[in-house]
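Here's the structure, in C-alpha cells; my notes come after.
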Amino acid sequence: MTATTQELARFLETNEGTVPEPVRDDLPRRRAVVERGRLRRWRRWTGERGACVVQNGATVAASHNVATIFRNGRVRAIDVAGALGVAPEQVVKMLVRNIGEQLAEGDLLAEQRLFFGQRRRRIVSPATGTFIYFSTTSGVAYVAGSATETQVYAHVGGQVVGVFADSVLVEGNAVSISGVAGAGRAVAGRLIVASTPTQIPMDLTGSIVACSFPLDETTARQLPTRGAVGVLASGIVPGAVSRLGWDDVLWPLTRPRFGSPSYDPAPPLTIVLLAVGEDACPAQIWERVASLNGRPVSLLGYEPGSAPELLATLDGPSGGMPPPVTVGGISTARVRNGPGAGRVVRVTGVLPYLVQLPSEVEVFAASIEIDGIGSRPVVASRHLQSLISEP
C-alpha cells in the first residue's frame, strides 16, 4: 500500500488524527433511527483481557454469552507503619499474614502488642483479596481485590459469522432502535413499556423498562432497586442528569479510543435516551418501541465501537435489508461510529478502491460532510446507515 493509504487505514482503524468528536453540543441535532433487516453486530473486548466462548457458525440468542472479560481486582494500599506508629522495618515482625495469602474483608493483617500483650493495636484488610506485597521501605502493605468476570452478550440473536482474537461478529434478523446517548454494557431482558411512572411494576427483576415520559430523578433511582437492568427513555428531565451524577456517564467530554479499555464511570443500569431534555422522540419511533412490549430485547448503552440502541431479534424472514447508502452521489446517511457518530450527514464521495485495515479487513471508505462543524472526515462505509424508511 502507498503511504497515503496506510495513513488512511490507520485513520479508519483508530480514529486518530480526526477532528474531536462533538459529544455534548451536537446532541440536540441527533435523531433516533429505526433499522430493520439482517443486521450484524460486533461484540468486542479489544484492549481488555477476554476469552471467546463460542465457535464460528454457532447459533446464539441475544442473551447468550459469547465472551468473558477478566479484570484484575482493585489494589489497595494500607499504611501499616503509619497506623501503628512504628518504623517501616519493624512492621515485618507484626504481620500475621504471608505474601500470597487470601484475605477476607476484616481479616487481621498486622498486630502490635503493648504492655506485655495487655494492649493490642490491630490492622485489618479493607477488602477481600490477596496479600500481594509489603514494602520494608515505606511500611505499606498491598491487598489486591478479587478478579471479576464480565459477560459479553451476543446482543442480537442469530448466527456467529466471525470469531477473532478480540471480537465476535453475530448476524441475525432484528429491528434496531438507535438512541442519541447512552451508557452501560449490553444487557438482555423482557421489555416493559410504561406511559407514566405509576405504571411501572414493583418487581422488575431482569427487565428492561421503556418510559414514554421524560425520565425523572425519582424514577431513575427506583428502577435499579426494583431489579431493572436497563432503561430506554424518550427523554430526560432537565437537571436530573447532574443531580444523578450522570453527566460524565452519558456524555463524557472524551471517549476511549477504539482498541482501549473503557474506564467510564459505571452507571447503576444500562441507559439509552431517544432524545435529550424533554424533547419528545418522533411518534413513529415510539410506536415501534411500544410494539415490542413484553418481548425479549437487548439494550446497549455504550461500548467502544458500538452505538446506543434497543435491539429485538425477529422471527421468520428478514423482510430484506434496508436500502444501502448510495455513495455514487450525495446521499443522506446516519453515522453509526467514528467522527460525528449519531449525526445525520451527507455522503459526498467514496474512495475508488478498498482500504485494508491493520486488522486485515478490507472496507470501502466514504467522505462525509457534517453540517455545523465544517469538517469533512472519512469514515468506513460500513459505519453509514441509510435513512430510507423501511416498508
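From the list VAL193, VAL168, pick out the single residue that is of a type in the set (A, V, I, L, M, F, W, C), out of contact with any helix residue (DSSP H, G or I) (no Cβ under 7 Å at 6 or more places or on another chain) and closer than 30 Å to SER291 by Cβ.
Numbers: VAL193 fails: out of contact with any helix residue (DSSP H, G or I) (no Cβ under 7 Å at 6 or more places or on another chain).
The conditions single out VAL168.
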Considering residues of segment 269-319 that are modelled with pLDDT under 75 and in contact with a strand residue (DSSP E or B) (Cβ under 6 Å, 6 or more places away or on another chain) only, the residue surrounded by the most Cβ atoms within 10 Å (Cβ to Cβ): GLY305
Tell me which residues, restricted to segment 87-99, are in a loop (DSSP other than H, G, I, E, B) and buried (at least 17 other Cβ atoms within 10 Å of the Cβ). VAL91, ARG97
Could you tell me whether ARG113 is touching a helix residue (DSSP H, G or I) at 6+ places or on another chain (Cβ under 9 Å), without any contact (Cβ under 8 Å) to a residue 40 or more places away in the chain, surrounded by fewer than 17 Cβ atoms within 10 Å (Cβ to Cβ) and part of a strand (DSSP E or B)? yes
Take ARG74 and tell me if it is over 22 Å from ALA186 (Cβ atoms) and exposed (fewer than 13 other Cβ atoms within 10 Å of the Cβ). yes
Confirm whether GLY182 is assigned by TED's automatic domain parsing to the domain that holds LEU109, over 21 Å from LEU314 (Cβ atoms) and not acidic (Asp, Glu). no
From the list VAL140, VAL175, pick out the single residue that is touching a residue at least 24 places away in the same chain (Cβ under 8 Å), of a type in the set (Val, Ile, Thr) and not assigned by TED's automatic domain parsing to the domain that holds VAL241. VAL140
Look through ARG36, ARG49 and report the one residue that is at pLDDT below 85 and surrounded by fewer than 19 Cβ atoms within 10 Å (Cβ to Cβ). ARG49
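Can you find, within segment 150-166, the residue that is modelled with the highest pLDDT among those that are at negative phi, part of a strand (DSSP E or B) and crowded, with 19+ Cβ neighbours inside 10 Å?
Here the residue is VAL160.
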Going by the conditions given, is VAL143 in contact with a Lys or Arg (Cβ under 6 Å, 6 or more places away or on another chain), more than 30 Å from GLU35 (Cβ to Cβ) and surrounded by 18 or more Cβ atoms within 10 Å (Cβ to Cβ)? yes
Criterion first (of a type outside the set (S, T, N, Q), over 17 Å from ILE177 (Cα atoms) and modelled with pLDDT of 90 or more) does GLY206 satisfy it? yes
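Looking at ALA77, is it part of a strand (DSSP E or B) and either among the acidic types (Asp, Glu) or touching a strand residue (DSSP E or B) at 6+ places or on another chain (Cβ under 6 Å) (or both)?
Numbers: part of a strand (DSSP E or B): yes; either among the acidic types (Asp, Glu) or touching a strand residue (DSSP E or B) at 6+ places or on another chain (Cβ under 6 Å) (or both): yes.
Considered against the rule, which asks whether it is part of a strand (DSSP E or B) and either among the acidic types (Asp, Glu) or touching a strand residue (DSSP E or B) at 6+ places or on another chain (Cβ under 6 Å) (or both), ALA77 comes out as yes.
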If you scan segment 188-206, which residues turn out to be buried (at least 21 other Cβ atoms within 10 Å of the Cβ) and not in a loop (DSSP other than H, G, I, E, B)? ALA188, GLY189, LEU191
Within the bounds of segment 212-219, is there any residue that is under 18 Å from SER63 (Cα atoms) and part of a strand (DSSP E or B)? no
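The values are calculated or read from the model by the stated rules, or taken from the named source; none is laboratory data. Keep in mind that what you see is a predicted model, and the values were worked out from it rather than measured. Ideal geometry is used to build each Cβ from the backbone, glycine not excepted, and the neighbour counts take in all protein chains shown.
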